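Computed from the coordinates by the stated procedures, all read-outs in this text should not be read as laboratory data. Only a predicted model underlies this, so the values are computations on that prediction, with no experimental measurement involved. Counting neighbours? That spans all protein chains shown, and the Cβs are built from the backbone with ideal geometry, glycine included.
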Amino acid sequence: MSITSPHARYTHESKPMLDPSIAVGTWKLKNVEVTSKVPFPVPQRATSVFAPHEDGLEYTSEVVYADGRTNRVKSVFRTDGQEYALTGSPAGNAWSINQTSPTRFEGNITRDGKLSGRVRATISDDGNLMTTEWEIVQPEGPTIFYITQAERQPA
């Protein structure tokens, strides 16, 4: 059996054990494509860092919005589908992330236990581009969709 990604390990049963370390590093926002014409704080500039943490991954994102506001979003999480605190995000205050392939992560964002968004991130085969699809569910109003692309920064 050939391994197509350096981020998948195989057990003796040949089932992949997914390794979230492909996300580790610093990522700088390159592009934002908004497919909804609804006011929502979509980032204009951002630098996100995923770092190893004893409890999984530590995520920190410094975000600048079109109106000049800034935000720091933080979380320590595992890619096990369990809910973890998310601070500073306009989308919600918790998220649950699953790693569905060696280069793909999917999850739900919640605010006070209610679904407030979905996120799907795919890292390119060369590991240098992260494309993230965001779906923000507003309690009163339409769902907002946007896509971000971030480039891995040199270590």
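Numbers for the structure displayed
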quantity	calculated
Relative contact order [Cα under 8 Å, 6+ residues apart], segment 21-152, whole percent	22
Set of aspartates and glutamates near K28 by C-alpha distance (under 17 Å), chain-local residues within fewer than 8 positions excluded	E58, E62, D126, E133, E151
Potential extension, D19-V64 segment - 0.36 nm per residue separation minus Cα distance	13.2 nm
Cubic angstrom per residue, convex hull over Cα atoms of the chain	123
Point-to-point label distance, H53-L129, nm (Cα→Cβ direction, 7 Å offset)	2.9
Net lengthening on full extension, K74/K114 (0.36 nm per residue, minus Cα-Cα)	12.5 nm
Residues whose placed amide H lies under 5 Å from that of N93, excluding near-sequence neighbours	T110, R111, D112
Karplus-derived 3J(HN,Hα), 6.51/-1.76/1.60, for each residue of segment 122-138, Hz, glycine and proline x	10, 9, 4, 4, 7, x, 10, 9, 10, 9, 10, 9, 10, 10, 9, 9, 8
C-alpha center-to-center spacing [segment 123-154, segment 21-47] in angstrom	6
Placed amide H near T100: partners under 5 Å, 5+ positions off or other chain	F105, E106
